[in-house]
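The values are calculated or read from the model by the stated rules, or taken from the named source; none is laboratory data. Treat the numbers as computed from the prediction; the structure is a model and nothing was measured. All Cβ positions, even for glycine, are placed from backbone atoms using ideal geometry, and neighbour counts span all protein chains on display.
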Amino acid sequence: MAAGSTSSSSGNQQKLTAGSRVSCTTYNGEKVEGEVLAFDNHHKILVLKLPSSSGERGTCNINFLNVELLRDHIDIIEEVKKSPSQLPPLDMSKIMARTEHNLKERQKQSERIGIGVSGIGQQLFDLVSKTFHNCYWDDKVILVKDADVRIVPPYKADNIQGDPKAMDHIKKLVEKVHAEQETTL
């Protein structure tokens, strides 16, 4: 898995040797540049070593990229003709823990997006969830579990139901979202 080849957008074959520096653009437009640790030609997975996002010395980020989901070809910045004889060890328990954490975070992010809700409903959900972390969508209804409050469409102050103490604070948030909406029109 230390070396392999992948086709570029022009159809040419590129050799990806461990130790080479490459750059590519992901499907969502993020430019990624790093050192090739491995390339699995069968699964089309490129493993890159990147500088640490935390800035901590002696650490790095390892990115697994699906070559099929790159926007265009992989540019070789600096090619290494011969792979290093020994690759650095990987702490698989850390990798698995981080993968699981990232999957859970992505799941949480996707649950915060209301399906078929208005733009103002989504704005309100985003604002309320900054204060009350236990917010969920129940179809098109915003449920604020921390405050035992429901906000139903069309998401105005009159559409709040639940605990009167929490309703006052949430009413202010609702009014803020509607006021911002009016100033942008």
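Tabulated data
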quantity: Residues of the stretch 111-152 satisfying the condition of being in contact with a helix residue (DSSP H, G or I) (Cβ under 7 Å, 6 or more places away or on another chain), among the β-branched types (Val, Ile, Thr), crowded, with 17+ Cβ neighbours inside 10 Å and free of Cβ contacts under 8 Å to residues at least 60 places away in the same chain; calculated: Val128, Ile142, Val144, Val149, Ile151
quantity: Residue list for the stretch 27-52, restricted to those being in contact with a Leu (Cβ under 6 Å, 6 or more places away or on another chain) and assigned to a strand (DSSP E or B); calculated: Gly34, Val36, Phe39, Leu46, Val47, Lys49
quantity: The one condition in (1) of a type outside the set (Phe, Trp, Tyr); (2) modelled with pLDDT under 85; (3) in contact with a strand residue (DSSP E or B) (Cβ under 9 Å, 6 or more places away or on another chain) that Gly11 fails to fulfil; calculated: (3)
quantity: Options Asn66, Asn61: the member that is modelled with pLDDT of 90 or more and in contact with a Pro (Cβ under 9 Å, 6 or more places away or on another chain); calculated: Asn61
quantity: Residues (touching a strand residue (DSSP E or B) at 6+ places or on another chain (Cβ under 6 Å) and either β-branched (Val, Ile, Thr) or under 23 Å from Lys82 (Cβ atoms) (or both)) located in the stretch 46-61; calculated: Leu46, Val47, Leu48, Lys49, Leu50, Cys60
quantity: Filter result (in a loop (DSSP other than H, G, I, E, B) and either among the hydroxyl-bearing types (Ser, Thr, Tyr) or on the phi > 0 side of the Ramachandran plot (or both)) within the stretch 76-106; calculated: Ser83, Ser85
quantity: Selection count, the stretch 131-185, where residues are touching a strand residue (DSSP E or B) at 6+ places or on another chain (Cβ under 6 Å) and of a type in the set (Phe, Trp, Tyr); calculated: 2
quantity: Residue satisfying condition, being under 16 Å from the mean Cα position of the chain (by Cα) and of a type outside the set (Gly, Ala, Ser), within set Lys104, Lys82, Lys94; calculated: Lys104
quantity: Test: residue in the stretch 68-75 that is touching a Phe, Trp or Tyr at 6+ places or on another chain (Cβ under 6 Å), part of a helix (DSSP H, G or I) and under 25 Å from Glu30 (Cα atoms); calculated: yes
quantity: Residue in the stretch 107-121 that is assigned to a helix (DSSP H, G or I), out of contact with any His (no Cβ under 8 Å at 6 or more places or on another chain) and within 30 Å of Glu35 (Cβ to Cβ) present; calculated: yes
quantity: Within the stretch 135-175, strands (runs of 3 or more DSSP E) holding 1 or more residues that are among the basic types (Lys, Arg); calculated: 149-151
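Conditions tested, residue by residue: (1) loosely packed, with under 11 Cβ neighbours inside 10 Å; (2) closer than 21 Å to Thr17 by Cα; (3) without any contact (Cβ under 8 Å) to a residue 60 or more places away in the chain.
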{"site": "Glu33", "(1), (2), (3)": "no, yes, yes"}
{"site": "Leu37", "(1), (2), (3)": "no, yes, yes"}
{"site": "Val47", "(1), (2), (3)": "no, yes, yes"}
{"site": "Gly55", "(1), (2), (3)": "yes, no, yes"}
{"site": "Asn66", "(1), (2), (3)": "no, yes, yes"}
{"site": "His73", "(1), (2), (3)": "no, yes, no"}
{"site": "Ile76", "(1), (2), (3)": "no, yes, no"}
